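See below for the structure under consideration.
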Amino acid sequence: MALAVRFHDQQHTIDASHSFFDDTLAGLSASPKWASPKYFYDLRGSQLFDQICVQPEYYPTRTEEAILERAADDIAAIAGRDATLIELGSGASRKVRLLLESMHPSHYLGIDISKEFLLDSTRRLAADYPWLDVHAACADFSHAMTLPEALDDARPVAFFPGSSIGNFDPAAAEAFLLGLHALLPPGSGLLVGVDLVKDKDVLEAAYNDSAGVTAAFNLNLLERIRHELGADLDPARFSHRAFFNEEQSRIEMHLVSDMPQVANLGGKRIAFQAGETIHTENSYKYSVEGFQQLAARAGFSVRALWTDANDYFSVHYLERT
Ligand SMILES: C[S@@+](CC[C@H](N)C(=O)[O-])C[C@H]1O[C@@H](n2cnc3c(N)ncnc32)[C@H](O)[C@@H]1O
């Protein structure tokens, strides 16, 4: 297979291993303890997330995909042909396939923190769509981003599916959108998938699948901390916990210490009490209006909105004003 993907490494990814160590040390030294969800995604983390997407309890992926399939022609009519489609957190680059035939963009840029998985996914995309000019950039989208020079003259449409925006707290989500506002020229599109508030049982089941894949995904973070950062800690002594915090309108994921124990990271002693947790992820759930008000504050107006029959998930076509 020809390697038809143009790869762009961004400066800050070169320092990524230092950030992982520094962030993890800061998080495990804090009270309460925390870790950033962006570190879930080494190759195994990306593969586990892919498996989460097909668990029967995990409604977001299949619901968003059904919406995109139904809306593809309308999305294409707004975006126009020959755009540059920029996917943030592109993962398996699967959802974008639902848009490509209708939108017929000239260029695709997948941006993801998980390098091996990104390269593999974009290579497969390039092989399946030979008419598409495919680019990949390993970058952390929570830092300021730049577009590769090769795409300087492009007419960008950003695509941010999977309700990844929900991993930021609302203030950080607004700051993230302000960053996109600075990156994109006026009139650019932003197609964003946002998970909606719903019944607590449906939400909690989605993050506690019976096959234990989300648990393995959460615990994989400790495997990474052990292998990559040389921490002396035993992932088998922790358990997965996920619940809906109604007051904050967010699913919280934690790793619970099953016993009193002491870990060691970079020579620093980290003590856990039995039942103490590391808060590893938030996934905020919005109302349609709440999200659109947030987007408006960051300079994005609403062109179109699609939801499913249950109002479980929303896809918004926003325009950079
Ligand atoms: C929840 S998954 C969504 C994957 C895919 N877009 C989907 O909708 O199924 C989040 C994706 O974003 C990537 N990611 C997470 N944090 C990131 C960051 N700070 N910068 C770049 N990519 C990130 C992960 O590697 C992963 O592929």
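The values are calculated or read from the model by the stated rules, or taken from the named source; none is laboratory data. Remember, predicted model here, so these are calculated numbers, not experimental data. Reconstructed Cβ throughout: ideal geometry from the backbone, glycine too, with neighbour counts over all protein chains shown. Accessible surface areas use protein heavy atoms only, side chains included; no ligands, DNA or RNA. Shrake-Rupley method; radii C 1.70, N 1.55, O 1.52, S 1.80 Å.
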query = Within segment 126-149, can one find any residue that is within 20 Å of Ala304 (Cα to Cα), in contact with a Pro (Cβ under 9 Å, 6 or more places away or on another chain) and at pLDDT 95 or above?
reply = no
inquiry  = Checking the structure you have, find out if any residue of segment 243-262 is within 21 Å of Tyr39 (Cα to Cα), part of a strand (DSSP E or B), open to solvent by less than 20 Å² (accessible area, probe 1.4 Å) and in contact with a Leu (Cβ under 8 Å, 6 or more places away or on another chain).
reply    = yes
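Let's see how each residue does on (1) out of contact with any His (no Cβ under 8 Å at 6 or more places or on another chain); (2) in a helix (DSSP H, G or I); (3) buried (at least 20 other Cβ atoms within 10 Å of the Cβ):
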site: Asp50; (1), (2), (3): yes, yes, no
site: Thr61; (1), (2), (3): yes, yes, yes
site: Arg70; (1), (2), (3): yes, yes, no
site: Arg81; (1), (2), (3): no, no, no
query = Within segment 96-124, restricting attention to residues that are open to solvent by less than 30 Å² (accessible area, probe 1.4 Å) and in a loop (DSSP other than H, G, I, E, B), which residue is nearest to the ligand (Cβ to nearest atom)?
reply = Ser114
task = Please verify whether segment 217-237 includes one or more residues that are assigned to a strand (DSSP E or B) and touching a Ser or Thr at 6+ places or on another chain (Cβ under 9 Å).
result = no
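Yes/no per residue for (1) in contact with a Phe, Trp or Tyr (Cβ under 8 Å, 6 or more places away or on another chain); (2) among the charged types (D, E, K, R); (3) at pLDDT 95 or above; (4) open to solvent by 40 Å² or more (accessible area, probe 1.4 Å):
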{"position": "Ala171", "(1), (2), (3), (4)": "no, no, yes, yes"}
{"position": "Leu178", "(1), (2), (3), (4)": "no, no, yes, yes"}
{"position": "Gly189", "(1), (2), (3), (4)": "yes, no, yes, no"}
{"position": "Asp199", "(1), (2), (3), (4)": "no, yes, yes, yes"}
{"position": "Glu204", "(1), (2), (3), (4)": "yes, yes, yes, yes"}
{"position": "Asp209", "(1), (2), (3), (4)": "yes, yes, yes, no"}
{"position": "Glu223", "(1), (2), (3), (4)": "no, yes, yes, yes"}
ask   = Taking Glu57, is it more than 19 Å from Val194 (Cβ to Cβ), of a type outside the set (Gly, Ala, Ser), more than 14 Å from the ligand (Cβ to nearest atom) and surrounded by fewer than 18 Cβ atoms within 10 Å (Cβ to Cβ)?
value = yes
request  = Scan segment 30-37 and give yes if some residue there is within 9 Å of the ligand (Cβ to nearest atom), modelled with pLDDT of 95 or more and surrounded by 15 or more Cβ atoms within 10 Å (Cβ to Cβ), otherwise no.
outcome  = yes
Residue match in segment 263-279 (condition: aromatic (Phe, Trp, Tyr), at negative phi and open to solvent by 20 Å² or more (accessible area, probe 1.4 Å)) = no
query = Among the residues of segment 157-180, is there at least one that is within 11 Å of the ligand (Cβ to nearest atom), closer than 29 Å to Asp82 by Cα, under 19 Å from the mean Cα position of the chain (by Cα) and of a type in the set (Asp, Glu)?
reply = no
Checking Ala127 against (1) assigned to a helix (DSSP H, G or I); (2) under 20 Å from the mean Cα position of the chain (by Cα), the condition it does not meet = (2)
